[in-house]
1. Using θ = phi - 60° and the Karplus relation 6.51 cos²θ - 1.76 cosθ + 1.60, list the HN-Hα couplings for segment 179-185 in order, rounded to whole Hz, with x at every Gly or Pro.
2. Mean shadow of the chain, computed from the convex hull of its alpha carbons, in nm²?
3. Summing -39500 (n - 2.57) over the DSSP H runs of n ≥ 4 in the chain and dividing by its residue number, what mean residue ellipticity at 222 nm do you reach, to the nearest 500 deg cm²/dmol?
4. For segment 58-70, in order, what is each residue's ³J(HN,Hα) by Karplus, 6.51 cos²θ - 1.76 cosθ + 1.60 with θ = phi - 60°, in whole Hz (x at glycine and Pro)?
5. Rounded to the nearest 0.05, what FRET efficiency do Arg33 and Leu292 give with R0 = 41 Å and r taken as the Cβ-Cβ distance? Could you check?
6. Can you pull the three principal axis extents for the Cα set of segment 59-132, in Å, largest first?
7. So between Asn350 and Glu375, what do we pick up on full extension, going 0.36 nm a residue minus the alpha carbon distance?
8. Build a GNM of the chain with springs between Cα atoms under 10 Å: which of Ser55, Ser358, Ser118 gets the top mean-square fluctuation?
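Just so it is clear, none of the values below were taken in a lab; they were calculated from the coordinates. On a predicted model such as this, the values are computed, not experimentally measured, just so you know. Reconstructed Cβ throughout: ideal geometry from the backbone, glycine too, with neighbour counts over all protein chains shown.
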Amino acid sequence: MTVRPVATSGTPQRGWPQHDRHGSWLIDDEGNRLLAWHVSGGVFNLGFGDSAMASAVAETVRAHDTGLWSMRSERRLVGEEHFARFLPESLPRSYFTPSASEAFEVACKLAKRHTGRSGLVSVTGGYYGAIGFALAMDDPALQPERYTPMAGSIPKAQFGSIDSMVALVDESTAAVCIEAIQVPAGVFEPPEGYLRAVRDLCNERGALLIFDEVQGGLLRTGDQWAFERHGVVPDVMITGKGLSGGYYPLGALSCSETLYATFELRPPVHRSSFCGGEIAATIAGRTAERYLDPALRAHVKIVSERLGRGLRTILERHRDVVHEIRGRGLVYGVQLAPGRGGAMARACRNRGLYLHVSLQPETVIVMPPLTTTLEETEEGLAIFEASLADI
């Protein structure tokens, strides 16, 4: 029996668009191929169906289950130590969760418990997830009210404005939460010196600094972490998505030994059925090995240069419809003429390229797998340019 999609909105569904996946490609049940420039925010950084990660997950699950969150675990500590090789030296300890959103939730609770303060501050354009404190910090453009009830109102400084941040951070602030590069918002980098100024402000006023590296980290910008080029290190870093290798739901909160000691307090900072973390810690350690591979790093550098050069060339040729290119490494926001983002995403998909629109309706996000080849990059650039004629 052939099972067909069920229409849920009165519109007939046609086929199964991800009947098969491998490498940089999505293949539907009729054999049509889509080149992926959208990888679910980095979940598929290593491409679809990565065989090494499949083997790592299978070996881990055969060896042990997730474990009890409430007891110390040797396997969890070993995985955590392996993962720490990929972290800044000042953030050697990690708490693993089933998602980055939950890791962010735990980070906010940790900050409140550690500082004894209740306040949190976010920034405009931010995206941190769809639960609890993460949802309350999301930019209003995301329509977070769709997921009410939320965790109260959290003030948002203007991204890039230190004066706006100074006005909000005070003696009641437990933490400031910010992305070192805002990918979902349209790929916006902070101004020169901004993150350093925020770091200094947090130090001065006793607040913790939390960086969200879920989409911007893990070699996505060409650097290991997006914040590296700004010369600052956070007190807490949140990662996820790409840690999964595309197979195992995983988020991580990384911090100092001093902050991690707060997890030993009673009552617990956080409790969750699947935060035992033995599988998660092991997978994070195995994934870190992939990101530390010199061959992958060299590949990312080569393909990044070609993608950036190709997009800038398209900008020069089509300034009537392409207004700006923002980004670095293997993540770019392409700002088109007003209101053209949706049309461009549809035109690209019709020609065989899958990308999506940012929070800014005129901007599409270019975010291929880190493993995408030079040949695939050339093909994607050709489709992207040809699609401009369709909008």
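1. Along segment 179-185, the couplings run 8, 6, 8, 8, 7, x, 5 Hz.
2. Details: hull surface 81.8 nm².
The directionally averaged projection comes out at 20.5 nm².
3. Numbers: 11 runs with 131 residues, N = 391.
Mean residue ellipticity, 222 nm, calculated: -10500 deg cm²/dmol.
4. Using θ = phi - 60°, the values come out as 4, 4, 5, 5, 5, 7, 6, 8, 6, x, 8, 5, 8 Hz.
5. On the way: r = 31 Å, r/R0 = 0.76.
After rounding to 0.05, the efficiency reads 0.85.
6. 43, 27, 25
7. On the way: separation 25, 0.36 × 25 = 9.00 nm, distance 2.00 nm.
Roughly 7.0 nm would be gained on extension.
8. Judging by the Gaussian network model, the answer is Ser55.
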